[in-house]
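See structure below.
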Amino acid sequence: MISRNAHQRQRKEPVQGVTRHVDNPEGSAIILAVLLLLILTLGGIIAIDYSNVELKYTRNDIERKQLFYYSESAGHEVAYDVDKTTTNDYAILDTATPIIVTQISAGTRISNPTATQVTNYTDTAWPVNTGNADLGSLTDREYAYRVYYIGLGQMPKGFGADFSSFVYDISTRVQETTATGIEIHSAAIAQGFRKIGPKS
């Protein structure tokens, strides 16, 4: 007859044998170290890729903002030229007729332009500032521009009956291209402008 204590020893022996078989602290430490290095390596690769993507987006955002602000300042430059010019470049012969007064070729003004012509901000017929002696001397970057006379506007207070308010839409476009002429980024801005002058 087997005693209760002997029966318990028989049941424990296989468990002790298994414990001795897997009990290897050095091997476990190596495996854990390898897994930790693998996790750290993967985390480093992911962090580097994420940083590169963020840098690319940041660089593109900076370039777009630079083009935007440059195009905006170009509009002020053209408005100044329209306001001070004494030539016939921006002369309005009929104040009741809307007209695009800036085109590359002389005599190609567009009277009563269509909505499509007004909103065409990629028109290659826009002149560039380097072709205008006044504008070309004020900037170190090329941009295209368009001056669209809309009509007469309401006069502000303080002016007599001998003056008129000439309302314009001044649009400017700045492009960034590769060495082969492929466009990378572009920014086009339309700004309202009012010129107060004597009635024609």
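The values are calculated or read from the model by the stated rules, or taken from the named source; none is laboratory data. Keep in mind the model is a prediction, meaning the values are calculated, not measured. Quick reminder, even Gly has a Cβ in these numbers, built from the backbone with ideal geometry, and neighbours come from all protein chains shown.
Structure notes:
Yes/no per residue for (1) exposed (fewer than 10 other Cβ atoms within 10 Å of the Cβ); (2) β-branched (V, I, T); (3) touching a strand residue (DSSP E or B) at 6+ places or on another chain (Cβ under 9 Å); (4) at pLDDT below 90:
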{"site": "P14", "(1), (2), (3), (4)": "yes, no, no, yes"}
{"site": "A29", "(1), (2), (3), (4)": "no, no, no, yes"}
{"site": "A33", "(1), (2), (3), (4)": "no, no, no, yes"}
{"site": "D83", "(1), (2), (3), (4)": "no, no, yes, yes"}
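- Total residues in the range 141-200, condition within 19 Å of T102 (Cα to Cα), of a type in the set (D, E) and part of a strand (DSSP E or B): 1
- Yes/no for A188 being surrounded by 12 or more Cβ atoms within 10 Å (Cβ to Cβ) and of a type in the set (G, A, S): yes
- Residue in the range 70-92 that is farthest from Q117 (Cα to Cα), counting only those that are outside any helix (DSSP H, G or I) and in contact (Cβ under 8 Å) with a residue 12 or more places away in the chain: T85
- Residues being closer than 28 Å to Q66 by Cβ and of a type in the set (G, A, S) - total across the range 147-200: 8
- Set side by side, the residues L93, L38 differ, and just one is hydrophobic (A, V, I, L, M, F, W, C) and modelled with pLDDT under 85, which is L93.
- Residue that is farthest from N112 (Cα to Cα), among those in the range 143-173 that are of a type outside the set (F, W, Y) and modelled with pLDDT under 85: G158
- Which listed residue, of E54, E63, is of a type in the set (D, E, K, R), exposed (fewer than 15 other Cβ atoms within 10 Å of the Cβ) and touching a strand residue (DSSP E or B) at 6+ places or on another chain (Cβ under 8 Å): E63
- Residue, farthest from V82 (Cα to Cα), within the range 102-134, restricted to residues that are modelled with pLDDT of 75 or more and hydrophobic (A, V, I, L, M, F, W, C): A115
- Restricting the range 138-169 to residues that are aromatic (F, W, Y) and crowded, with 17+ Cβ neighbours inside 10 Å, the residue that is farthest from V82 (Cα to Cα): Y143
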